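Okay, structure first, notes after.
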Amino acid sequence: EGGIRGDRGVRNETDAREKGPVSHLMRVWSVVKSERLMVAAALSSLLITNAAEIASPSFTGSILDHVVKNDRKGFELAVLYLTISAVVQSVLGAFKATCFRIVGRKITWHIRQNLFSQLLRQDIAFFDAAATGDLVSRLGNDVTVMTSPITTTLGSFIGSLARLIGGLACSFIVSWRLALLAFTTLVPAAYLTKRFAMWSSSLNAHIFTSLGEATKTVNDALGNIRTVKSSACEDLEHKKYKRSLDRALKEGILDAKGAGINRFLGGLLDEGSLVIVLWFGGNLALQHMHGGDAKGPGLTVGRLIAFQLYWSMFNNSFENMQNLLATFTRSAGAATRVWSLVDSFPDINDEAGAGSVQQWLPASASVGPKVELRDAVFAYQMREEVRVLQGLDVSIAPSEVGALVGPSGGGKSTVIHLLLRFYDPHEGQVMLDSRDLRSLRLQDVRRKTGLVSQETQLFAESILYNLAYGLHDCDDIDAVVLGASTNSAGDEETSTITIDDAGEAPTREQVLEACEMAQARVFIESFPDGLATRVGERGVRLSGGQRQRIAVARAFLRKPRLLLLDEATSALDSESEALVQQALNHLMEQRTSTVAVVAHRLSTVRNANAIHVVSGGQCAERGRHEELMAIEDGIYKKLVKTQVEAGATSAIGE
Ligand code: ADP
């Protein structure tokens with residue numbers, strides 16, 4: 001069941017590719033349906049503008065013919081027509097362009113915010129598989145590329161199509177002989193352009209790949225800048241980046257040369273065609289002037305000019321169409337990536353296999369739930385062949401502390417992930433108060449769960465923002481709790497974003513109390529800005545221990561029913577560790593929540609009600625500290641011995 005997920009994204013992309021640009025347009029249309037009126041206005045002004053455009057050359061020709069015939073009245077009438085056509089073109093042309101732009105902006109808005117919401121909804125397995133850079137570029141660049149045909153080119157596409165047909169038809173009407181002649185010169189030019197476009201597009205695909213590699217290098221290097229610098233690998237990263245850019249440049253130059261040759265040959269054919277047409281057409285006009293048969297092949301000068309204008313109208317729109325088609329193809333490519341994301345539905349969702357999900361109301365407001373894993377089997381999607389959990393049983397009684405210990409890589413953190421429902425087990429069950437986690441509303445469970453993990457992730461906002469994250473629906477928590485707007489945006493209008501079930505903002509006292517219990521108050525108050533201190537990107541302006549204590553304070557503030565501690569102290573120095581451990585003991589002593597704790601240092605779990613030794617994806621031993629120490633040759637006993645020997649467990653008191 002878990003394996004299906006892996007190819008879902010891929011399958012969507014092929015679907016969309018098979019359907020191509022037309023289906024893409026249909027989908028975009030379904031998005032803009034609400035803008036029908038504006039689209040209709042844009043399309044009708046487009047059609048009227050085009051009619052005026054197509055009529056213009058014949059008015060121009062007519063002006064010339066009346067001049068030659070010395071017919072003032074006819075001449076003035078023709079000028080009037082041309083003027084009307086010009087006014088229509090400029091007024092409606094501008095109106096049409098504005099409408100198309102507005103519609104385009106609305107589509108971009110709609111797709112972007114939908115896409116981001118859909119992204120946030122994806123489950124953790126999705127993010128295991130995806131590269132952040134790729135997702136960011138889908139949201140930014142791809143959405144722009146996919147909507148560009150609508151914002152700017154759909155109007156010109158329809159316009160070009162109309163001019164293409166109108167120009168060709170009118171050329172034939174004015175002089176079919178000339179039109180046939182001109183047509184024959186077009187064939188080699190069109191063939192040439194097509195061949196070049198094919199060659200260029202495959203070359204450009206290579207260029208994109210190289211540029212993508214370059215972007216990946218930048219993401220990796222800047223994201224891990226400390227590793228890069230401490231390993232003195234600046235030059236290495238630069239070389240990697242330059243290598244990708246070099247490739248893109250080489251191919252780009254080849255493309256530019258190809259485009260030059262194409263342009264040269266195309267221009268030659270174009271100009272050649274003009275010379276041939278004018279030579280032949282001029283001959284026909286001469287025949288006419290020397291009294292040729294009115295019904296014969298003769299041509300007035302005005303009509304020759306009109307033909308020339310129509311033909312270049314046709315020719316220009318032909319070229320234009322080719323460019324626009326290329327834009328459409330590019331846009332359909334970007335659209336494929338965007339739609340596949342919009343369509344991909346997370347496996348972890350609120351639709352239980354049968355029946356609907358229920359609210360999770362813990363038995364009592366002051367007692368944590370009973371937590372169980374029953375015979376859980378699980379493998380990560382990225383490494384399906386490795387069964388991380390192989391029938392694991394874990395059981396923690398209400399409001400007790402259950403510990404998970406064992407060799408590294410044994411699957412302890414995986415248990416925490418399953419309890420948060422980041423993933424579902426392939427077989428077996430995760431139970432809260434004897435109910436399958438899949439039958440409980442996801443948000444309920446997560447809102448009532450607190451997590452402190454090895455690496456605390458902080459937002460680049462204030463300390464207060466990080467402490468109160470997800471607890472309230474205030475837009476500017478600093479202003480609400482601290483009474484001072486620290487928002488750099490200043491007087492930007494404040495709006496409230498509604499979050500389902502979110503409560504009121506915590507009071508300053510509650511926040512400080514939580515910080516106090518988490519041993520975080522002293523260091524927070526030592527900062528000049530106190531709770532309003534900005535922590536920097538990912539919290540870089542704080543030490544590891546400080547970040548960790550903020551996570552603990554956050555957990556206090558949430559008053560979780562289920563508290564998950566995943567090696568919460570393992571990344572800390574011993575002083576910070578002692579402080580954080582003290583804070584956690586506080587939290588556990590309250591006995592208002594059930595605690596699952598993964599610990600590397602066994603001293604920290606000595607007092608747990610039940611210790612589970614997780615090894616090879618199974619629960620090898622289970623019991624209290626003393627019981628486990630009594631097992632001869634037991635894994636736990638050996639682990640304790642190793643740690644004592646390593647001198648890391650003076651606190652264990654053996
Ligand atoms: P522990 O917490 O006991 O050290 P974990 O639960 O973190 O062990 O990991 C168990 C196994 O699962 C390890 O072999 C690890 O490499 C693998 N693993 C952990 N997370 C992922 C992931 N997101 N994708 C693929 N494999 C993973």
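Go through (1) among the charged types (D, E, K, R); (2) in contact (Cβ under 8 Å) with a residue 40 or more places away in the chain; (3) within 18 Å of residue 316 (Cβ to Cβ) and name the single condition residue 263 misses. Condition not satisfied by residue 263: (2). Against the conditions (1) closer than 25 Å to residue 169 by Cβ; (2) modelled with pLDDT under 90; (3) of a type in the set (A, V, I, L, M), residue 86 satisfies every one except (2).
For segment 553-596, the tally of residues that are among the hydrophobic types (A, V, I, L, M, F, W, C), in a loop (DSSP other than H, G, I, E, B) and touching an Asp or Glu at 6+ places or on another chain (Cβ under 9 Å) stands at 1. Scanning segment 69-100 for residues that are out of contact with any Ser or Thr (no Cβ under 6 Å at 6 or more places or on another chain) and in a helix (DSSP H, G or I) yields a total of 22.
There is no residue in segment 169-191 that is buried (at least 17 other Cβ atoms within 10 Å of the Cβ) and within 16 Å of the ligand (Cβ to nearest atom). Is it the case, given these coordinates, that residue 166 is away from the ligand (no atom under 16 Å from the Cβ), surrounded by fewer than 20 Cβ atoms within 10 Å (Cβ to Cβ) and in contact (Cβ under 8 Å) with a residue 40 or more places away in the chain? Answer is no for this residue. Selection over segment 101-130 of residues that are assigned to a helix (DSSP H, G or I), of a type outside the set (D, E, K, R) and within 16 Å of the ligand (Cβ to nearest atom) gives a count of 5.
Of 125, 78, 130, all but one fail to be crowded, with 20+ Cβ neighbours inside 10 Å and under 27 Å from residue 223 (Cβ atoms); the exception is 125. Residue 370 passes every criterion in (1) touching a Gly at 6+ places or on another chain (Cβ under 7 Å); (2) buried (at least 16 other Cβ atoms within 10 Å of the Cβ); (3) among the charged types (D, E, K, R) apart from (1). For beta carbons closer than 6 Å, sequence separation of 6+ or different chains, a first residue in segment 184-201 that is over 14 Å from residue 271 (Cα atoms) and a second that is aliphatic (A, V, I, L, M) and assigned to a helix (DSSP H, G or I), the qualifying pairs are 192/265.
Residues considered: 580, 552. Of these, the only one that is surrounded by 23 or more Cβ atoms within 10 Å (Cβ to Cβ) and at pLDDT below 85 is 580.
Among the conditions (1) touching a residue at least 24 places away in the same chain (Cβ under 8 Å); (2) under 20 Å from residue 404 (Cβ atoms), the only one that residue 559 does not satisfy is (2). Elements of the type strands (runs of 3 or more DSSP E) sitting completely within segment 384-438 and holding at least 2 residues that are more than 9 Å from the ligand (Cβ to nearest atom) and within 26 Å of residue 606 (Cβ to Cβ): these cover 389-396, 401-405. Restricting attention to segment 629-642, the residues being surrounded by 21 or more Cβ atoms within 10 Å (Cβ to Cβ) and within 24 Å of residue 390 (Cβ to Cβ) number 1.
What tally of residues in segment 131-147 results from selecting those that are more than 17 Å from residue 336 (Cβ to Cβ), part of a helix (DSSP H, G or I) and among the small types (Gly, Ala, Ser)? Qualifying residue count for the region: 1. Residue 313: modelled with pLDDT of 85 or more, outside any strand (DSSP E or B) and either among the aliphatic types (A, V, I, L, M) or within 16 Å of the ligand (Cβ to nearest atom) (or both), yes or no? For residue 313, the condition - modelled with pLDDT of 85 or more, outside any strand (DSSP E or B) and either among the aliphatic types (A, V, I, L, M) or within 16 Å of the ligand (Cβ to nearest atom) (or both) - is met.
The values are calculated or read from the model by the stated rules, or taken from the named source; none is laboratory data. As the structure is a computational prediction, the values presented were derived from the model and not from experiment. All Cβ positions, glycine included, derive from the backbone under ideal geometry; neighbour counts span all protein chains shown.
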